[in-house]
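Single-structure report; data block below.
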Ligand code: HAX
């Protein structure tokens with residue numbers, strides 16, 4: 001059932017899977033009928049907010065603390081994962097190891113993962129043709145999604161499934177697909193970036209001596225410390241438990257045993273909405289609007305407040321603020337803020353962002369609609385990119401997608417390992433809902 005030669009990471013993962021399968025089987029056998037949550041009408045109509053209906057061990061999002069990857073807070077992850085000599089941010093490959101196994105890898109273990117990624121960086125020529133066939137005004141997320149989709153014919157899972165694979169082996173070929181795709185995504189993204197924004201420079205092939213983060217910086221022609229920016233960016237965006245649109249989409253699509261190429265392309269499509277990943281480009285667009293209005297000078301506090309109120313009064317959201325789960329400032333925002341304070345404290349746009357941080361939460365509280373008035377990851381991320389010369393803000397969500405793929409793909413491997421079934425919640429009609437609340441005295445109001 002198992003490949004005779006497995007990489008060290010895959011071997012460790014397999015041991016973890018065997019142990020975990022027993023836990024899941026025991027839970028199901030002994031407690032399968034236990035009730036752990038109930039559902040209100042407003043949750044059904046309101047996007048299923050807060051209903052405990054998914055299980056993942058890769059990350060957990062506490063509303064007041066923020067994200068933990070495998071039990072570690074972001075500052076802990078950034079401190080504990082191995083780093084390249086002189087780097088401030090850890091290897092992204094080490095995060096993949098952590099998310100898959102729950103263990104902080106040694107430098108040697110990360111080196112082996114890096115070697116494995118290096119061997120998987122070959123991109124079939126037809127992918128470049130797919131990208132080149134897009135009109136240049138296409139959104140880079142649409143191109144990225146299509147390029148990932150075009151790779152589907154490479155899926156080991158799909159080939160093995162057709163040959164008649166044992167269910168217990170699903171995780172194995174899914175691991176191969178996921179690792180292949182992760183290794184390729186930065187190359188595809190860099191090709192899109194160079195084609196759309198710097199066609200005069202042409203495509204730059206990866207440097208085999210560099211890790212994933214540094215290689216991306218190299219491929220789009222950026223010097224240090226942009227390698228640390230990319231590592232930070234990919235790591236902080238990797239996972240946010242399973243219910244957010246991108247993670248949930250990836251999981252949902254994969255639950256029908258569609259391979260990871262289908263699932264990741266769908267995940268990218270979900271991330272491309274302005275209420276989700278696209279918010280990072282919206283923040284930049286909104287800040288540019290403010291800067292244009294100010295004609296280059298820094299706004300006063302009153303002018304800033306007016307700009308925020310004007311946006312709200314036009315019936316629009318303040319991009320980069322609010323969250324469906326978080327009820328405090330996003331730790332992903334804080335990690336980037338600290339980076340900005342260290343590396344670019346005098347950056348004009350950073351000053352705007354910092355000034356907004358001081359006034360927006362009070363305004364949102366005064367308006368009284370948003371449940372969370374604090375900034376999320378997207379309020380800060382575009383400003384860092386802008387500072388290092390990635391000023392094409394349409395591209396920011398592509399970077400988010402590379403990071404998010406690390407979490408989504410780790411989850412899909414585990415979904416397959418634990419045999420999670422096809423996802424299929426039940427829907428009812430409005431008539432039925434009305435009838436249920438009218439006729440059933442047993443339905444308890446939570447108010
Ligand atoms: N500005 C203005 N109004 C806001 C708001 C904001 N930043 N955040 C929430 N609200 C409003 C909602 O639009 C909603 O209004 P209606 O009652 O008129 O529909 C009301 O407050 C209640 O919303 P909520 O329960 O607090 O928030 P939701 O869980 O429904 O939505 C969102 C969460 C992130 C989508 C929301 O806060 C928002 O639109 N923020 C701005 C866009 C953004 O930054 N998105 C990125 C979020 C992080 C992420 O996923 N990154 O990828």
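For the stretch 152-163, does any single residue satisfy the condition of being in a helix (DSSP H, G or I) and within 22 Å of the chain's Cα centre (by Cα)? Scanning the stretch 152-163, I find at least one residue that is in a helix (DSSP H, G or I) and within 22 Å of the chain's Cα centre (by Cα), so the answer is yes. When every residue of the stretch 187-198 is checked against the conditions, at least one turns out to be surrounded by fewer than 19 Cβ atoms within 10 Å (Cβ to Cβ) and touching a residue at least 60 places away in the same chain (Cβ under 8 Å).
Residue 247 meets all of the listed conditions (1) over 30 Å from residue 167 (Cα atoms); (2) within 11 Å of the ligand (Cβ to nearest atom); (3) crowded, with 24+ Cβ neighbours inside 10 Å but one, namely (1).
Against the condition over 30 Å from residue 440 (Cα atoms) and exposed (fewer than 15 other Cβ atoms within 10 Å of the Cβ), how does residue 9 come out, does it pass? Criteria not met by residue 9. For the stretch 358-390, a residue qualifies if it is over 23 Å from the mean Cα position of the chain (by Cα) and more than 12 Å from the ligand (Cβ to nearest atom), and the qualifying residues are 358, 359, 362.
Residue-by-condition table, conditions (1) in a loop (DSSP other than H, G, I, E, B); (2) at pLDDT 95 or above; (3) buried (at least 21 other Cβ atoms within 10 Å of the Cβ); (4) at negative phi:
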| position | (1), (2), (3), (4) |
| --- | --- |
| 404 | no, yes, yes, yes |
| 422 | yes, yes, no, yes |
| 428 | yes, yes, no, yes |
| 437 | no, no, no, yes |
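Looking at the stretch 97-111, can you tell me whether even one residue there is in contact with a strand residue (DSSP E or B) (Cβ under 7 Å, 6 or more places away or on another chain) and under 20 Å from residue 405 (Cβ atoms)? Yes - at least one qualifying residue is present in the stretch 97-111. Taking the conditions (1) more than 24 Å from residue 136 (Cβ to Cβ); (2) more than 19 Å from the chain's Cα centre (by Cα) in turn, residue 196 satisfies each one other than (1).
Being more than 20 Å from the chain's Cα centre (by Cα) and under 22 Å from residue 73 (Cβ atoms) holds for only one residue in 314, 342, and it is 342.
Restricting the stretch 310-356 to residues that are surrounded by fewer than 16 Cβ atoms within 10 Å (Cβ to Cβ) and within 10 Å of the ligand (Cβ to nearest atom) leaves a set whose member that is nearest to residue 296 (Cα to Cα) is 316. Of 47, 71, all but one fail to be in contact (Cβ under 8 Å) with a residue 40 or more places away in the chain and within 30 Å of residue 371 (Cα to Cα); the exception is 47.
Could you check residue 393 against (1) under 25 Å from residue 113 (Cα atoms); (2) within 16 Å of the ligand (Cβ to nearest atom) and say which number it fails? For residue 393, the exception is condition (1). Residues in the stretch 123-144 that are closer than 22 Å to residue 405 by Cα and free of Cβ contacts under 8 Å to residues at least 24 places away in the same chain: 130, 138.
Output the residues belonging to the stretch 40-54 that are surrounded by fewer than 13 Cβ atoms within 10 Å (Cβ to Cβ) and either away from the ligand (no atom under 12 Å from the Cβ) or closer than 21 Å to residue 410 by Cα (or both). Of everything in the stretch 40-54, just one residue is surrounded by fewer than 13 Cβ atoms within 10 Å (Cβ to Cβ) and either away from the ligand (no atom under 12 Å from the Cβ) or closer than 21 Å to residue 410 by Cα (or both), namely 52. If I filter the stretch 407-415 for residues that are within 28 Å of residue 65 (Cβ to Cβ), within 16 Å of the ligand (Cβ to nearest atom) and in contact with a helix residue (DSSP H, G or I) (Cβ under 9 Å, 6 or more places away or on another chain), do I get at least one hit? Checked the stretch 407-415: at least one residue is within 28 Å of residue 65 (Cβ to Cβ), within 16 Å of the ligand (Cβ to nearest atom) and in contact with a helix residue (DSSP H, G or I) (Cβ under 9 Å, 6 or more places away or on another chain). Considering each residue of the stretch 175-197 in turn, at least one proves to be in a helix (DSSP H, G or I) and more than 18 Å from residue 144 (Cα to Cα). Any idea which residue in the stretch 55-66 is surrounded by the fewest Cβ atoms within 10 Å (Cβ to Cβ), counting only those that are more than 18 Å from residue 404 (Cα to Cα) and within 16 Å of the ligand (Cβ to nearest atom)? Applying the filter and picking the extreme gives 64. Filter the stretch 298-309 down to the residues that are surrounded by 13 or more Cβ atoms within 10 Å (Cβ to Cβ) and in contact (Cβ under 8 Å) with a residue 12 or more places away in the chain, then identify the one that is nearest to the ligand (Cβ to nearest atom). Looking at the filtered set, the residue picked out is 308. Going through (1) more than 21 Å from residue 362 (Cβ to Cβ); (2) away from the ligand (no atom under 16 Å from the Cβ); (3) surrounded by fewer than 21 Cβ atoms within 10 Å (Cβ to Cβ); (4) in contact (Cβ under 8 Å) with a residue 40 or more places away in the chain one by one, residue 295 falls short only on (4). In this entry, residue 382 is excluded by the filter for residues that are more than 18 Å from residue 219 (Cβ to Cβ) and in contact with a strand residue (DSSP E or B) (Cβ under 9 Å, 6 or more places away or on another chain).
The values are calculated or read from the model by the stated rules, or taken from the named source; none is laboratory data. Fair warning: this is a prediction, and the values are worked out from it, not measured in the lab. Cβ: placed from backbone, ideal geometry, glycine included. Neighbour counts: every protein chain shown.
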